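A short worksheet on the structure shown next.
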Amino acid sequence: LGTAGAAGAAGAAGLVAGGGAGAGIAVAARQHPAALTSVGAAHIPFEGVHQAGIVEPAQTCGHLVAFDLAAGADRRAAAALMRRWSDAARAMTRAGRPGTPAVYDDQVADDAGPSSLTVTFGFGRSFFARTGLTGRLPQALAPLPHFPADALDPHRSNGDLWVQIGADDALVAFHALRVLQKAARDTATVRWQMNGFNRTPGATARPMTVRNLMGQIDGTNNPKPSDPGFARTVFVPEDGVAGASGAGGGSPAWMAGGSYAVVRRIRMLLDSWDHLSVERQERVIGRRKSDGAPLSGGTETTPVDLEKFGPDGLIAIPGDAHIRVAAAASNSGAAMLRRGFSYHDGIGADGTPDAGLLFVAWQADPMRGFVPVQRKLDGGDGLSRFIRHEASGLFAVPGGAAAGEYVGQRLLE
Ligand code: HEM
């Protein structure tokens with residue numbers, strides 16, 4: 001790494017010196033687009049109270065993968081799998097030159113740093129029956145209700161185990177996925193896999209909220225870690241007090257510090273969407289496309305004013321605008337952290353792009369996050385005519401592992 005980096009720097013300097021003016025700098029920048037020290041070396045610790053891959057900005061490359069336990073794989077086999085997976089994730093996310101358990105190494109990620117790799121593990125409802133653990137099934141993991149507009153493919157929905165991989169380098173992300181697949185051995189097999197992406201760090205002149213494949217700035221009004229109620233919204237309390245779903249609580253003690261991930265593969269009907277004028281697209285969402293400012297005025301970060309009327313006497317943010325229908329204020333305070341990836345799987349059978357959003361929403365209790373909001377949106381916000389929910393999953397994501405522990409140890413030991 002050191003040698004290649006030094007040679008690269010020398011080459012860039014030579015080009016700039018030889019070219020003289022701005023043209024030389026442009027050539028150098030194209031040949032050396034991003035310093036490995038900033039993108040490759042960035043490191044997110046695997047261990048902690050919460051698992052990594054929830055509060056950190058979503059990375060450039062994402063793999064969402066569900067596994068089913070093999071016939072005969074019991075609780076002990078599942079515990080051994082979680083141990084192997086956690087040890088592999090711990091090694092691959094290490095700062096400096098990350099390691100790979102030798103038995104699984106394919107050298108795909110050689111030369112690269114951890115590139116902000118995170119690996120996040122969750123349990124689906126079916127996991128508990130398969131492992132004889134129904135007594136420890138969280139109430140909050142009740143199946144999501146049927147939403148009338150859903151067009152779900154059961155083969156790409158749910159699953160016993162769920163893994164979310166994110167990294168700012170595609171080879172690092174692939175490598176992590178391959179290692180986990182190999183570490184699954186004969187205990188679990190892939191049920192479905194979805195691959196997504198976000199913008200590359202350094203692609204914009206300054207850090208900006210990402211755009212989705214409809215072109216909108218997406219993620220502005222997410223809860224922020226600095227908000228007073230953030231931890232309560234996203235995580236099951238760390239003291240193990242059951243968090244959710246009214247009397248009796250929705251989460252057992254083993255979920256302390258954990259969260260629930262709702263995963264939806266949402267196809268965007270891009271050909272229909274692109275027929276709308278930008279002005280109509282903006283009224284569908286309730287925000288300006290250019291800079292993400294709410295139609296009630298201001299800049300991207302100005303609080304939304306749902307009561308504001310425009311000079312034309314019309315309500316500034318239409319009654320069916322996505323941000324009005326989805327807002328916590330319209331849903332008795334229901335809130336979630338949205339942290340998704342765009343996807344593009346070529347052209348679908350109908351001749352339109354098979355592209356959209358791998359929507360991942362994090363909350364302490366789906367009944368106070370995704371479910372009430374989706375009930376409203378499914379009833380027909382402006383956006384619902386341009387999207388289709390094609391797959392779905394709900395997973396209990398336990399708290400993070402401490403040194404020497406594996407994820408899910410408090411459930412499985
Ligand atoms: C806000 C797009 C699906 C919940 C937004 C915004 C955009 C957007 C552009 C405004 C910027 C922001 O605050 O992030 C989309 C697209 C979707 C989609 C393209 C599907 C492809 C969903 C779903 C849910 C949801 C399924 C939850 C069930 C929210 C919430 C807000 C929001 C809670 C913030 C509202 C506010 O308080 O201002 N979405 N969204 N979205 N969306 Fe979505």
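Quick note: the coordinates plus some simple rules give every number you see, no bench work behind them. Since the model is a prediction, treat every value here as computed from it, not as a measurement. Reconstructed Cβ throughout: ideal geometry from the backbone, glycine too, with neighbour counts over all protein chains shown.
Could you tell me what fraction of 2.2 N^0.38 Å the Cα radius of gyration of the stretch 338-404 comes to, as a two-decimal ratio? Don't skip to the end; give the middle numbers.
Details: Rg = 15.6 Å, N = 67, 2.2 N^0.38 = 10.9 Å.
Against the compact-globule rule of thumb, the ratio is 1.43.
May I ask for the net charge around Ala364, where only other residues with Cβ less than 12 Å from the Cβ of Ala364 are counted and Lys, Arg are +1 while Asp, Glu are -1?
On the way: positive: Arg232, Arg368; negative: Glu238, Asp365.
Residues near Ala364 contribute 0 overall.
Rounded to the nearest 0.05, what FRET efficiency do Gln193 and Leu314 have when you use their Cβ-Cβ distance and R0 = 60 Å?
The value I calculate is 0.85.
Placing dummy labels 7 Å off each Cα toward the beta-carbon, the span from Leu137 to Arg232 is 3.0 nm. How high is the relative contact order of the chain, in percent, with contacts defined as C-alpha pairs under 8 Å that are six or more residues apart? RCO, the chain: 23 percent. Can you check what the net charge comes to around Arg324, using other residues whose Cβ is under 14 Å from the Cβ of Arg324 (Lys, Arg +1; Asp, Glu -1)? After counting each charged neighbour, the total is -1.
With r as the distance between the Cβ atoms of Arg206 and Ala102 and R0 = 60 Å, compute the FRET efficiency 1/(1 + (r/R0)^6) and round to 0.05. Spell out each step's value before the answer.
Values: r = 42 Å, r/R0 = 0.69.
About 0.90, to the nearest 0.05.
Taking the convex hull of the alpha carbon positions in the stretch 116-159 and averaging its projected area over all directions gives 5.0 nm².
Hey, what does the equivalent ellipsoid look like for the stretch 295-347, semi-axes from the Cα gyration tensor as sqrt of 5 times each eigenvalue, largest first, whole Å?
26, 16, 12
What net charge is computed for the residues neighbouring Arg265, neighbours being all others with C-beta under 13 Å from the C-beta of Arg265, Lys and Arg scored +1, Asp and Glu -1? My count for the surroundings of Arg265 gives -1. Debye-formula intensities of the chain, expressed as log10 I(q)/I(0) at q = 0.08, 0.13 Å⁻¹, are -0.47, -1.17 (one equal scatterer per alpha-carbon, no solvent). If you model the stretch 79-149 as an ellipsoid using its alpha carbon gyration tensor, with each semi-axis the square root of five times an eigenvalue, the axes come out at 34, 17, 10 Å, biggest first. Taking each DSSP H run with n ≥ 4 as -39500 (n - 2.57) and averaging over every residue of the chain yields -7000 deg cm²/dmol at 222 nm.
In whole Å, how far is the Cα centre of the stretch 129-197 from that of the stretch 284-315? About 37 Å separates the Cα centre of the stretch 129-197 from the one of the stretch 284-315.
On full extension of the chain, what length is gained from Ala95 through Asp110, given 0.36 nm per residue of separation minus the C-alpha to C-alpha distance? Kindly include the intermediate steps, with their values, before the conclusion.
Working: separation 15, 0.36 × 15 = 5.40 nm, distance 1.40 nm.
Difference between extended and current length: 4.0 nm.
Structural descriptor for the stretch 282-413: relative contact order 18 percent, calculated from alpha carbon pairs under 8 angstrom and at least 6 residues apart.
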